[in-house]
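The values are calculated or read from the model by the stated rules, or taken from the named source; none is laboratory data. Note that this is a predicted model, so its numbers are computed, not measured. Here the Cβ is made from the backbone with ideal geometry for all residues, glycine too, and neighbour counts use every protein chain on show. Please note that ligands, DNA and RNA were not included when accessible areas were found on the heavy atoms of the full protein model with its side chains. Shrake-Rupley method; radii C 1.70, N 1.55, O 1.52, S 1.80 Å.
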Amino acid sequence: MRSVLIILLLFSLKSFSQTDTTKVYFDRQWQETIADSAHFYSLRYQLNDSLWQQNDYFINGNIQMTGTCSDSSYANKIGRFKYYSEGGFLENEENYLSNGIVNEVIHYYKNGQADFIYKYNSETGKITSRNFYQENGEESAFTPPRYSGGITKMKSYISSSLRYPTEARKAKLQGKVLVKFLIEKDGSISELSVLKPVHPLLDKEAMRVISKMPEWIPRQRDGKPLRIYFTLPINFKLY
């Protein structure tokens, strides 16, 4: 009788320590939904006293992500998270420390070679190093964006295009407007914004001059164009 009680007690404790798997459905925007409208689903369960497992899947059953969290709300990531394409190949890995800060991110090519590796400071979370690779494993080569014709041509364009606003001149407004913009893959300019304003009249003129700029030679990686943000000062000075 005692043996039976011990067995029943052990079975009861084992059953109590196990956590049932929870299945949650999500739409394409990762908003919770019902099964009939789902594009993803997630299986979640407790691994031990301090870890909860989360496995996300495409609706066809292929794995989309796998990783562990330190809380039952699955808000605090810890350890290595792996993200997969719908076709089944590993796309990204992220490694999280116990303080919730990511300390490494790796993106992969389809052949399994690392595309780039970012490492982060374990206390501040800021990037400490970036390494980029070609599909054959060799390090990538980058060329910075360049204005067609070089700096001399760019200065000539700005000086010939800049029109000092009459009201700004009368008010003796001066200063250096810092403009941020995106150099597209084809060398065109978009997404202009003023990072360091001086006065609305001068800011507007600086934006106009840069928006009319001829196309740039975009940044390149291994001979392929990339989009990149660039900042440029436009100086307004009265003589």
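Summed over the stretch 101-127, the residues that are of a type in the set (Asp, Glu) and not in a loop (DSSP other than H, G, I, E, B) give a count of 2. Scanning the stretch 22-44 for residues that are closer than 21 Å to residue 94 by Cβ, in contact with a Ser or Thr (Cβ under 7 Å, 6 or more places away or on another chain) and either open to solvent by 40 Å² or more (accessible area, probe 1.4 Å) or part of a loop (DSSP other than H, G, I, E, B) (or both) yields 43, 44. Checked against (1) part of a strand (DSSP E or B); (2) free of Cβ contacts under 8 Å to residues at least 12 places away in the same chain, residue 159 meets all criteria but (1). Only residues that are closer than 15 Å to residue 233 by Cα and either in contact with a Cys (Cβ under 6 Å, 6 or more places away or on another chain) or among the polar types (S, T, N, Q) (or both) were counted in the stretch 154-212, giving 6.
Which of the residues that make up the stretch 56-75 are closer than 14 Å to residue 88 by Cα and open to solvent by less than 70 Å² (accessible area, probe 1.4 Å)?
56, 57, 58, 61, 62, 63, 64, 65, 66
All conditions but one from (1) surrounded by 13 or more Cβ atoms within 10 Å (Cβ to Cβ); (2) farther than 25 Å from residue 116 by Cα apply to residue 225; the one that does not is (2).
Is it the case that residue 117 is modelled with pLDDT under 95, aliphatic (A, V, I, L, M), under 20 Å from the mean Cα position of the chain (by Cα) and farther than 25 Å from residue 22 by Cα? So residue 117 does not fit the description; no.
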